[in-house]
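This report concerns only the one structure given below.
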Amino acid sequence: METDNKNNKNNGKGPNGADQSDSAHSLGDITSDYNEIETNYTYKLTDKWSLQPGGILHWSSKGTQLRPYFRINYKITPDLSTSLRYRYDYNDYETTNDNGEYHRDSVNRLDLYLRYKINDTWSVQYQGTVYKHASDQYEYKNGKTWSTENAFSLRYKWNDWFSPYIEYDYLDRTGYYDGEGNIPESRYRIGMTFTL
C-alpha cells in the first residue's frame, strides 16, 4: 500500500503564490491507490555476489502494469550491501501523451540500492532511481522525458517471513497543481513484505 501526501495539494501556495501552508490539515489529502505483488528468485554466485530476476504485478485505478526486472547484488560486508537493478514498466492501459494522443506509456528504470543492517531486526536503505519514458512523446511534470527519485526506508524484521517498513521518497520536481508543473513532490509509504 502506498500513501501519498501531495504537499497539501497546493504545495502551500495560494492563488497569488502567497504561503498558505496548513500542515494541520495535510492528512486530509492522503490517498491510497497503489497495490503490487512481487516475486523473484536469488541465484547465489559467490558469498558476495548474487543475481535476482523477478517481476512485479502492479494495479491501480488507472490499470495494470507488468514490471519485469533483473538485479545484481553485492555484499560489501556482512551488514552493508549494494544492488543495481534494471526494470521495464509495461503499461497495459493507454494514457495521453504531450500531443494529446493515446498510447501505452512504458518506462525504463534503473535503481541503485545501498542497505545497512543495524542489527538482527532493524535495517535502513537508500534507493536512488532514474526513470526514462520509452517514448519521447511523453514528459514528466518536470518538463523532461526522464526523472529521478530518492527513497529512504526503515525496515523491521518481525520474523523470517514478515517485515513491516516505512519509507520517505523525494520525487524530484514532478509535482503539478493548478496548471503549474515542476513543483517538488514527496511521498510517504507504509508497507509490509511477506517472504515465502
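Taking Tyr113 as meeting all but one of (1) at pLDDT below 95; (2) under 24 Å from Gly54 (Cβ atoms), write down the number of the exception.
(1)
Restricting to the range 36-70, give me the number of residues that are at pLDDT below 90, of a type outside the set (Gly, Ala, Ser) and not in a strand (DSSP E or B).
Number satisfying all stated conditions: 1.
Could you look through the range 89-104, keep only residues that are polar (S, T, N, Q) and under 17 Å from Gln65 (Cα atoms), and pick out the one that is surrounded by the most Cβ atoms within 10 Å (Cβ to Cβ)? Spell out the reasoning first.
Filtering the range 89-104 down to residues polar (S, T, N, Q) leaves 91, 95-97, 99.
Checking which are under 17 Å from Gln65 (Cα atoms) leaves us with 91, 95-96.
On the way: Asn91: 19, Thr95: 13, Thr96: 11.
The qualifying residue surrounded by the most Cβ atoms within 10 Å (Cβ to Cβ) is Asn91.
Pick out the one residue from Arg115, Arg109, Arg104, Arg155 that is more than 19 Å from the chain's Cα centre (by Cα) and within 19 Å of Ile56 (Cβ to Cβ).
Selected residue: Arg104, the only one of Arg115, Arg109, Arg104, Arg155 that is more than 19 Å from the chain's Cα centre (by Cα) and within 19 Å of Ile56 (Cβ to Cβ).
Do you know which residues across the range 71-97 are outside any strand (DSSP E or B) and in contact with a Gly (Cβ under 8 Å, 6 or more places away or on another chain)?
Listed by number, the residues that qualify are Asp92, Tyr93.
Return the residue satisfying two criteria in turn: it lies in the range 160-178 and is farther than 13 Å from Asn150 by Cα and either among the aliphatic types (A, V, I, L, M) or in a loop (DSSP other than H, G, I, E, B) (or both), and of such residues it is modelled with the highest pLDDT.
Ranking the candidates gives Ile166 first.
Looking at the range 105-134 only, could you name the residues that are surrounded by 14 or more Cβ atoms within 10 Å (Cβ to Cβ) and assigned to a loop (DSSP other than H, G, I, E, B)?
Selection gives Asp105, Ser106, Ala134.
The values are calculated or read from the model by the stated rules, or taken from the named source; none is laboratory data. Note that this is a predicted model, so its numbers are computed, not measured. Don't worry about glycine lacking a Cβ; one is built from the backbone with ideal geometry, like all the others, and counts go over all protein chains shown.
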